[in-house]
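Structure first, then comments.
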Amino acid sequence: MSREHKPHVGFFVSCLADLFRPSVAFSAIELLEAAGCQVEVPETQTCCGQPGYNSGAVDDARPLAHRVIEAFAGFPYVVVPSGSCAGMIKHHYPKLLAEYPEWHARATDLAQRTWEITSFLVEVMDYAPTVSPLQGRKVTYHDSCAGLRELGIKQQPRKLLARAGVELAEMQATEVCCGFGGTFCAKMPDLSEKMVDDKLNNALDTGAGVLLGGDLGCLMNIAGRARRRDSQLEVRHVVEVLADELTGPAIGEGER
Amino acid sequence: MKQTSEHFQDSARVALARTEARERMDLLGLFMPAMRDAAVAEVDFEALREHVKRVKDHTLDNLEHYLRQFEEQVVMNGGHVHWARDASELNATVLDICRAAEARRVGKGKSMITEETGLTEHLEKAGLHVTETDLGEYIVQIAGEPPSHIVGPAFHKSEQEIRELFLDRHKLGRRQLEDPPAMVAEAREVLRERFLTADVGIIGSNALIAETGQTLLVTNEGNGDLVSTLPKVHIVCASIEKLMPRPEDALAQIRLLARSAIGTAVTAYTSFYSGPRRAGDLDGPEQYHVILLDNRRTEILGSNYQDMLACMRCGACLTHCPVYIGAGGHAYGWVYPGPMGSVLTPLLTDLEQASELPNACTGCGRCEEVCPAGIPLPDLLRDLRADETRAKITPARWRWGMKLHGWLARVPSLYQAFTGAAIAVLSRLGRRRGGFRSLPLAAGWTQVRDFPAPQGDSFMRQWKRRKKEAGHD
């Protein structure tokens, strides 16, 4: 495929991947390139503004939305390895900027160009990943709330995993929140503990050794709780599996 | 009712520590959503919800018109309409009616509005004998507890707890109450006498119908009909947003309500009350009163919280909310628990006292997904958190933390330099073990889980380094 015909993708790293799990971002870029995209990473990006927006600091979140809108102007596709950041851009930016007509128009335009990575790979690129070394292992999947309910992400990661030969052992209540909820987990740790324990127990009940998901917030929460309970459950982002990026430690795991 | 919303987290901790009660709540959180999902699958939920929402929006936008029409119709039917600005006005009006009728005994149907105003306590203080006749309400009344769920007030009680309660409170001699049917039979026996001797019957309403002046009530026990038709005085207590233009509009809503609330197509009883006994009627009350409560609803009308007035009190958002299932209904500390309660309580009482409630939400969106009134509950809860920030109710460390984050993230070079350096240190300290058991400024996180260590340098640092090496710069 010649360069001109390659879909031009602006990659939004997401702050958790940037800071805690760069392998998620590298894996996502690798997948996008393997799918035939030309990927660019605007270096003026930071955070989508979710922490402030969701905890009521809307005035602190608005300038961050402006930043993202500016950094990703002109890309036909903006791809994000996180359902909640993609949901923030697609659903909440237009609301956050509703009272500023010029910004609102730009936000709506960006919303239409923004994709969560698994849905982009399936719906736009119809991508088939190579067979994963996880083939034959028992793997379960946590549906993150924002991706699931704001963007309808449910079958897309499952389709990609099936194409990679990974069979899922679905857990009970996979669509119920893991208790992360951004600042919720720090503000109300006792309730959060109950919820993440329920999630972990449901995951372990499947007999799975690996839990995958599409949002680092949830995954860090589940992995952090698994470590605290000395559980051996391996927690990874789905793109790491699809890109065969499995050599490093799983989330929250020490170096071997 | 004494409000304790400010102790939400302490109360939730107590609830979480009671293993048996917690397991019952977990079952409720599985069972009720399964019932609701199955029932909703029988109808075109989205289309029906859309239709009812349009009707409700229209009604709220023209509330004054429909309220006038409703009042005219009730009067034409021979009833009386009373307007109550707040809880104390409603309570005083009911007491006046009871006194004028020289009433001593009152039978009540289930009504969240009278929970909101604390009517029972008010009447009892004035010397009246008040009996809740809905089984769940009766159980919590004799237990001296508030309801824990707006549809199933005694959902939190075990079979054994209810058995012990009945054996202790009912002076009926020696008996076993070996199974739930025996317990229900006993409650029926006790309540039957209360129905027959009540001077005044008080019920709530699921919908007020402007065109006909009727009030609509759904129940499963038929107690609402008994307290409405047997006593000589019938009082309906409802808040003003319960209005619907026509009977068919109210029925469209009921189709959603029963399915969402208890997972059935219809409730056992759907009753329209039209007024006092007419000449030639075989039964019915001599007096019919409708008391319309505002209690700050007119403040919500026209505000960015107006959607909340479409709530039909089905309770689906409660049993679908993992926070409600964990915390239990009592933790919310007032009349309405769960997501709908976390919106209503601050609006109807005090944002500062109820400030924990809008934060008792992970934003998971399950409530909005199942809400038959299409209320964007997560958005409204987020808006309340924004109100808390503006009113400086949010703790200063959170407000400044968010401000700092906002300032830093606005300047990419500064943000990347700062986070890059911090992450490098954090990674060096934690990488070998994989995470931290405790971390300054993250006590809430590390109280219950490890904090995963960063993999290494930040992505941005690595990306820029790679680009430089590749000779792009």
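Rule-based calculations on the coordinates, nothing more; no lab input. Fair warning: this is a prediction, and the values are worked out from it, not measured in the lab. Ideal geometry is used to build each Cβ from the backbone, glycine not excepted, and the neighbour counts take in all protein chains shown.
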Subject >> Diffusion coefficient, µm² s⁻¹, Stokes-Einstein with Kirkwood Rh over alpha-carbon pairs of chain A at 20 °C and 1.002 mPa s >> reply: 116 µm²/s
**OP:** Towards the positive end of the charge dipole of the stretch A:139-242, with charges on Cβ (+1 Lys, Arg; -1 Asp, Glu), say which of A:Val176, A:Leu160, A:Leu191 has the farthest Cα.
**Re:** A:Leu160
Original post:
Could you give the distance between the Cα centres of the stretch B:75-104 and the stretch B:404-473, to the whole Å?
Top reply: 65 Å
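What net charge do the residues around B:Glu178 carry, taking every other residue with its C-beta under 15 Å from that of B:Glu178, with Lys and Arg at +1 and Asp and Glu at -1?
-1
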**OP:** Find the all-direction average of the projected area of the Cα convex hull for the stretch B:411-469, expressing the result in square nanometres with one decimal place.
**Re:** 4.8 nm²
**OP:** May I ask you to derive the FRET efficiency for B:His7 and B:Leu441 from their Cβ-Cβ distance with R0 = 22 Å, giving the value to the nearest 0.05?
**Re:** 0.30
Subject >> P(r), alpha carbons of the protein assembly as shown - 20 Å bins starting at zero, rounded % >> reply: 16, 46, 27, 10, 1
Original post:
Other chains near B:455-465: what is the mean number of their Cβ atoms within 10 Å of each residue's Cβ?
Top reply: 6
Original post:
What list of ³J(HN,Hα) values in whole Hz, one per residue of the stretch B:170-185 in order, does the Karplus curve 6.51 cos²θ - 1.76 cosθ + 1.60 (θ = phi - 60°) give from phi, with Gly and Pro shown as x?
Top reply: 8, 8, 10, x, 7, 7, 9, 6, 5, 9, x, x, 5, 5, 5, 4
**OP:** Return the whole-Å distance between the Cα centroid of the stretch B:1-55 and the Cα centroid of the stretch A:199-220.
**Re:** 24 Å
Original post:
the stretch B:307-401: percent of C-alpha pairs farther apart than 22 Å?
Top reply: 22 percent
Subject >> Where Rh is the Kirkwood radius over Cα pairs, Rg/Rh for the stretch B:236-316 >> reply: 1.03
Original post:
Per-residue ellipticity at 222 nm for the protein assembly as shown, helices alone: DSSP H runs ≥ 4 residues times -39500 (n - 2.57), over residue total, nearest 500 deg cm²/dmol?
Top reply: -14500 deg cm²/dmol
Subject >> Quarter of Cα convex hull surface for the stretch A:139-242, i.e. mean projection, nm² >> reply: 6.0 nm²
Original post:
Say the dipole of the protein assembly as shown comes from +1 at the beta carbon of Lys and Arg and -1 at that of Asp and Glu; which of B:Pro285, A:Leu96, B:Ser239 then lies farthest toward its positive end?
Top reply: A:Leu96
Subject >> Proximal charge balance of B:Arg432 [Cβ under 14 Å; K/R count +1, D/E count -1] >> reply: +3
Original post:
Where nothing but the Cβ of Lys and Arg (+1) and of Asp and Glu (-1) is charged, how large is the charge dipole of the protein assembly as shown around its Cα centre, in debye to the nearest 20?
Top reply: 2020 debye
**OP:** Write out the cysteines belonging to chain B for which the nearest other cysteine Cβ is not under 4.7 Å, or none if no such cysteine exists.
**Re:** B:Cys98, B:Cys237, B:Cys311, B:Cys314, B:Cys321, B:Cys361, B:Cys371
Subject >> Rg [Å, one decimal], Dmax [Å, integer] - the stretch B:230-379, C-alpha atoms >> reply: 17.7, 58
Original post:
What number in nm² do you get for the stretch B:339-473 if you take the convex hull of its Cα atoms and divide its surface by four?
Top reply: 12.0 nm²
Original post:
Once both labels are modelled 7 Å past Cα along the beta-carbon direction, what's the B:His58-B:Leu30 spacing in nm?
Top reply: 4.4 nm
Original post:
Bin by bin, in steps of 10 Å, what percent of the Cα pairs in chain B do you find, going until the bin that has the longest distance?
Top reply: 4, 17, 26, 23, 13, 7, 5, 3, 1, 0
Subject >> Charge sum, other residues only, whose C-beta stays under 11 Å from A:Gly248's C-beta, Lys/Arg counted +1 and Asp/Glu -1 >> reply: 0
Original post:
About the Cα centre of the stretch B:146-195, what is the dipole size in debye to 20, counting +1 per Lys and Arg Cβ and -1 per Asp and Glu Cβ, all else neutral?
Top reply: 220 debye
Original post:
What order, most packed first, do the peptides A:222-229, B:202-209, A:111-118, A:65-72 have when packing is the mean number of other Cβ atoms within 10 Å of each residue?
Top reply: B:202-209, A:222-229, A:111-118, A:65-72
**OP:** Give the share of C-alpha pairs in each 5 angstrom bin for the stretch A:3-124, from 0 to the last occupied bin, in whole percents, shortest bins first.
**Re:** 2, 12, 23, 25, 19, 11, 6, 2, 0
Original post:
Extent of the stretch B:189-291 along each principal axis, from alpha carbon coordinates, in Å, largest to smallest?
Top reply: 35, 32, 25
Subject >> Theoretical FRET efficiency, 1/(1+(r/R0)^6), r = Cβ-Cβ of B:Ala265 and B:Arg432, R0 35 Å, to 0.05 >> reply: 0.05
**OP:** Give me a single rounded figure for B:189-200: the average over its residues of other chain Cβ atoms within 10 Å of their Cβ.
**Re:** 0
Original post:
Given 0.36 nm per residue, what is the gain on full extension from B:Ala100 to B:Arg22 after removing their alpha carbon distance, in nm?
Top reply: 23.4 nm
**OP:** Arrange the peptides B:448-461, B:379-392 so that the one whose residues have, on average, the most other Cβ atoms within 10 Å appears first.
**Re:** B:448-461, B:379-392
Original post:
So what does the Cα-only Debye profile of the stretch B:47-190 read at q = 0.15, 0.16, 0.21, 0.22 Å⁻¹, as log10 I(q)/I(0), no solvent term?
Top reply: -0.95, -1.01, -1.27, -1.32
Subject >> Dipole magnitude of the stretch B:59-295 about its Cα centre (Cβ charges: Lys, Arg +1; Asp, Glu -1), debye to nearest 20 >> reply: 540 debye
Original post:
How would you rank A:242-251, B:325-334, highest first, on the average number of other Cβ atoms within 10 Å across their residues?
Top reply: B:325-334, A:242-251
Original post:
Along the charge dipole of the stretch A:4-48, which of A:His5, A:Ala35, A:Cys48 sits closest to the positive end, that is, farthest toward it, with unit charges on the beta carbon of Lys, Arg, Asp and Glu (+1, +1, -1, -1)?
Top reply: A:Cys48
Original post:
Which ³J(HN,Hα) values, rounded to whole Hz and listed in residue order, are derived for the stretch A:97-109 from phi using the Karplus coefficients 6.51, -1.76 and 1.60 in 6.51 cos²θ - 1.76 cosθ + 1.60 with θ = phi - 60°, glycine and proline given as x?
Top reply: 10, 4, 8, 10, x, 5, 5, 4, 5, 5, 5, 5, 5
**OP:** Please report, in whole Å, how far the alpha carbons of the stretch B:59-295 spread along each principal axis, starting with the longest.
**Re:** 56, 41, 37
Subject >> Phi to ³J(HN,Hα) by Karplus 6.51 cos²θ - 1.76 cosθ + 1.60 over the stretch A:131-136, Hz, x for Gly, Pro >> reply: 5, 8, x, 6, 3, x
Original post:
Per residue of A:40-46, how many C-beta atoms from partner chains lie within 10 Å of its own C-beta, taken as a mean?
Top reply: 5
Original post:
Between B:Arg188 and B:Arg85, what length comes free when the chain is fully extended (0.36 nm per residue of separation minus the Cα-Cα distance, one decimal in nm)?
Top reply: 33.5 nm
